[in-house]
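Step one of this worksheet: look at the structure below.
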Amino acid sequence: MIKRTDYLTRTYGKPEGWSLRAYEANEANEANEGGLGGYQVARRVLTGMTREQVVDEAKKANIRGRGGAGFPMGVKWSFMPKTVGAKPHYLVVNADEGEPGTHKDRTLMELNPHACVEGCIIACYGIGAHIAYIYVRDELHLSKARLEAAILEARAKGYLGDTPFGKDWPIEVHVHSGAGAYICGEETSMLNSIEGRRGEPRMKPPFPANAGVFGCPTTVNNLETIAAVPTAFGMGAEAFSKLSILHGIGDGGVRLYGVNGHVKKGVVVELAVGPTLNELIYDIGGGVQGDRGVLCVIPGGSSTPVLRPEETVNAPDERLPLHPWHGKSVFDVPLGVDTMRGVGTMLGTCCVTVIAQGTDPVWCMQNLMQFYRHESCGQCTPCREGSAWLERTTSKVLDGKASIGELHDLHDIANGIMGNTICAFGEGTAMPALAFIQKFRAEFEQYVRGERKRADATLTVEPWS
Amino acid sequence: MPFALSPERERKLQEILERYPTKMAATLPLLHLCQEQAGFVGDDVVEYVAHRLDLSPAHVKGVVTFYTLYNQEPVGKHQVWVCRTLPCALRGAYQVIEHCEKRLGIHCGETTPDGKVTLRTAECLASCGTAPMMQVDRDYHENLTREGVDQILNRLLES
Ligand SMILES: Cc1cc2nc3c(=O)[nH]c(=O)nc-3n(C[C@H](O)[C@H](O)[C@H](O)COP(=O)(O)O)c2cc1C
Ligand code: SF4
Ligand code: FES
């Protein structure tokens, strides 16, 4: 059952909802369980809790990272050194939002920037940092302007600065602009980019918690992850976690869901964690354009393997967490980090791309491979060469010039990338490629046999007008 | 004349330098400031940034060539980027691109002969829910219609 909530989005659509006045007024007025006005949560945390208490509370919120990998936020915070040594600690907030199909963080920055800033204050205190850098992709000029205005307002009130809320723990938040490189969303690449270098990912270990930006202990979290923190701490982390349908398996709270592609209504909404794909497509997205059936869905950004509605859950063993959905369509399984892993894909960013029947899946894959070819940073040969080769071969299939042997090549190229690269961009390219090739084998073969032609292929349901 | 920041941007640079423990960290922000002023990042700007931040020109050049939003050549007065990635393509991005090319009489990657508009494709700009979309200079235009695109392009050409 879909459960709409309005914590992160409560300022959306309000007059100047991005201003401090709206953020503070709004919270005090509405019947939110925490009952605390804007920045009252940060005040309470800084003046009443120790660092350890903050990290413990953060763990109880069961906030799985909203950037795509789904790592538990509180656990990540606990990796930071317990005491601050000679090297200062840093918070880096990932607002690069470059994963194709993802359009949620932008709404927070534009429409509720103060939640992002308040989240930074609590997170900085919890991880022992005095400085947060919010890394925003350069194209999002309005997002940057709203964040910067919010930071100024918060500083003027004394919520940021040398003694936030009177506490002797200086906190500053800075916006750092990217310069047009998808790979800078990868956390270690982002660290290099902040340092003023080429955004090339680093080998791990060392992990950012030990040696992050400027060689200092660093926590990298997605912007939505951080923006959820004031809400979680305001109502109590456990209560927050329990809002989720998947609280029982450690996937807590509420989050933003985006729907795009062939739906009647492209939107971003806030829901309790755990809606199904069918609920997102029909209840939130208003159904498929032209009332067509669904060919497939990219569940959480282009790096997550596609799912087809005909796929069913195979979990006959009662002890398996997915057993309650055994035999049902994967489109009826609540979306969660572990449930999606269980059906062979990834939850990713919770922004789903819906692709209607009649669309050409080979062209879809070619479009995405063009993206990966363009965005590979080029450090690792399997990724640099493999992404280009995948794109070239898929184009060849589309042009009707590929052989059956080259369809096998596609598998081999993708498998050759997996596990052989510095960063997860490699898997993010290879996994969706493999899914397209395997799940649409028939269409690929039709091209090879000349039964499908590029000239007849379409990507749109409704002609653009 | 060698490149130098305007006084207002010079003040911004001083603010920026205070945010980081190293000078090198100001590389990206300073390059943005320079490009705002000069329109593109030529060799004079590379030399200038290297000098101001105590870096080698090779380091700065390496950064400039890595990131797509630093123009290494002069560009038109206005920048139009049409998103071409799948979610936008599912809602007509290729038709938007074709339409822009026709209206402007140029291909993607080119600038109109009068130097007014540079047309390029972009990869996902985080507006997939309101596709198709294009970015014009600093502004996003979403849920594009044919009529809307015509209005935007006319405004740019008349500017
Ligand atoms: C190629 C690549 C691109 C990524 N892009 C983003 C991004 O745009 N935004 C984001 O938050 N995380 C992105 N990530 C994930 C980050 O590396 C990191 O896991 C995340 O910021 C951690 O925050 P979280 O734990 O709060 O989710 C990307 C990862 C990879 C491998
Ligand atoms: S996997 Fe690709 S993007 Fe990641 S470091 Fe290697 S070449 Fe760069
Ligand atoms: S695909 Fe165009 S904005 Fe995301």
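The values are calculated or read from the model by the stated rules, or taken from the named source; none is laboratory data. These figures come from a predicted structure and were not determined experimentally. Don't worry about glycine lacking a Cβ; one is built from the backbone with ideal geometry, like all the others, and counts go over all protein chains shown. Calculation scope for accessible area: heavy atoms of the full protein, side chains included, ligands and nucleic acids excluded. Shrake-Rupley method; radii C 1.70, N 1.55, O 1.52, S 1.80 Å.
Quick notes on this one:
- When only alpha carbons are used to place a centre, region A:285-334 and region A:113-186 end up 37 Å from one another.
- Shielding score for B:21-30, defined as the mean number of other chain Cβ atoms within 10 Å: 5
- FRET efficiency estimate (nearest 0.05) - Cβ-Cβ, residue B:139 to residue A:291, R0 45 angstrom: 0.85
- Reported value for region A:128-217: 89 Å³ per residue, from the convex hull of its C-alpha atoms.
- Spin-label model, residue B:54/residue A:357: points 7 Å from Cα along the beta carbon direction are separated by 6.7 nm.
- As a fraction of the 1.4 Å probe accessible area of region B:30-159, surface on carbon and sulfur atoms comes out at 49 percent.
- Each 10 Å bin from zero up to the one holding the largest Cα-Cα distance in region A:188-232 carries the following percent of pairs: 27, 46, 23, 5.
- For chain A: accessible area per residue (Å², 1.4 Å): 35 Å²
- Signed unit charges on C-beta, dipole axis of region B:30-159, positive-most listed residue B:69, B:42, B:96: B:96
- For region A:418-465, heavy-atom accessible area (probe 1.4 Å) falls by no less than 30 Å² from the chain alone to the full protein assembly at A:459, A:460, A:464, A:465.
- Think of each Lys and Arg Cβ as +1 and each Asp and Glu Cβ as -1; about the Cα centre, that makes the dipole of region B:98-141 roughly 60 debye.
- Measuring max minus min along each principal axis, the C-alpha atoms of the protein assembly as shown give extents of 74, 72, 46 Å (largest first).
- Accessible area buried at the B-A interface, both sides summed, 1.4 Å probe (Å², nearest 100): 4300 Å²
- Across all directions, the shadow cast by the convex hull of region A:255-351 built on its C-alpha atoms averages 5.7 square nanometres.
- Packing around the peptides A:298-309, A:193-204, A:283-294, taken as the average count of other Cβ atoms within 10 Å per residue, puts them in this order, highest first: A:298-309, A:193-204, A:283-294.
- Separation between Cα centres of region B:100-159 and region A:403-439, rounded to whole Å: 34 Å
- Residue among A:147, A:101, A:62 farthest towards the positive dipole end of region A:38-163, charges placed on Cβ: A:62
- For B:80-86, mean number of other protein chain Cβ atoms within 10 Å: 5
- Estimated from the Cβ-Cβ distance and a Förster radius of 45 angstrom, the FRET efficiency linking residue B:23 and residue B:107 is about 0.65.
- Considering only chain A, percent of DSSP beta bridges that pair antiparallel, nearest 5: 40 percent
- Residue-normalised accessible area of region B:1-124, given per residue in Å² at a 1.4 Å probe: 45 Å²
- Sorting the segments B:115-122, A:123-130, B:15-22, A:82-89 by their mean number of nearby beta carbons within 10 angstrom, highest to lowest, gives A:123-130, B:115-122, B:15-22, A:82-89.
- Selected from A:297, A:374, B:148, residue furthest toward positive end of dipole (the protein assembly as shown; charges at beta carbon): A:297
- Cut-off 20 Å, label 7 Å out along Cα→Cβ of residue A:408, residues of region A:430-463 by amide N: A:434-450
- If only the Cβ of Lys and Arg carry +1 and only the Cβ of Asp and Glu carry -1, the dipole of chain A around its Cα centre is close to 360 debye.
- Using a Gaussian network model of chain B in which every pair of alpha carbons under 10 angstrom is joined by a spring, one finds that among B:23, B:77, B:61 the greatest mean-square fluctuation is at B:23.
- Percent RCO, i.e. relative contact order, over region A:232-322, from Cα pairs under 8 Å lying at least 6 residues apart: 17 percent
- Above-threshold pairs, the threshold being 23 Å between Cα atoms, out of A:59/A:242; A:144/A:204; A:104/A:144; A:328/A:439: A:144/A:204
- Estimated FRET transfer efficiency (residue B:75, residue A:392; beta-carbon r; R0 22 Å; 0.05): 0.15
- Partner aspartates and glutamates for residue A:3 [C-alpha distance under 14 Å; skip if fewer than 8 residues away on the same chain]: A:270, A:279, A:283
- Those aspartates and glutamates that a straight Cα-Cα span of less than 14 Å connects to residue A:60, excepting residues fewer than 8 apart in one chain: A:52, A:238, A:251
- Shielding of B:88-100 by partner chains, average beta-carbon count, 10 Å: 5
- Computed per residue of the protein assembly as shown from DSSP H runs no shorter than four, each worth -39500 (n - 2.57), the mean residue ellipticity at 222 nm is -11500 deg cm²/dmol.
- Normalised by 2.2 N^0.38 Å, where N counts its residues, the alpha-carbon radius of gyration of region A:351-412 equals 1.21.
- A simple charge model with +1 on the Cβ of Lys and Arg, -1 on the Cβ of Asp and Glu and nothing else charged puts the dipole of chain B at about 240 debye relative to its Cα centre.
- The distance between label points at residue A:82 and residue A:332 comes to 5.0 nm (points 7 Å beyond Cα on the Cα→Cβ vector).
- The distance between label points at residue A:424 and residue A:385 comes to 2.7 nm (points 7 Å beyond Cα on the Cα→Cβ vector).
- Note on region B:8-110: lysine pairs with Cα distance below 24 Å, sequence gap of 8 or more or different chains, count 6.
- Gain on full stretching of the segment that runs from residue A:44 to residue A:75 - 0.36 nm per residue minus C-alpha separation: 9.0 nm
- Hydrodynamic estimate: the Kirkwood radius of region A:279-403 over Cα pairs, inserted into Stokes-Einstein at 37 °C and 0.692 mPa s, corresponds to D of 201 µm²/s.
- Packing order of peptides A:268-281, A:10-23, A:400-413, highest average first: A:268-281, A:10-23, A:400-413 (average count of other Cβ atoms within 10 Å over each peptide's residues).
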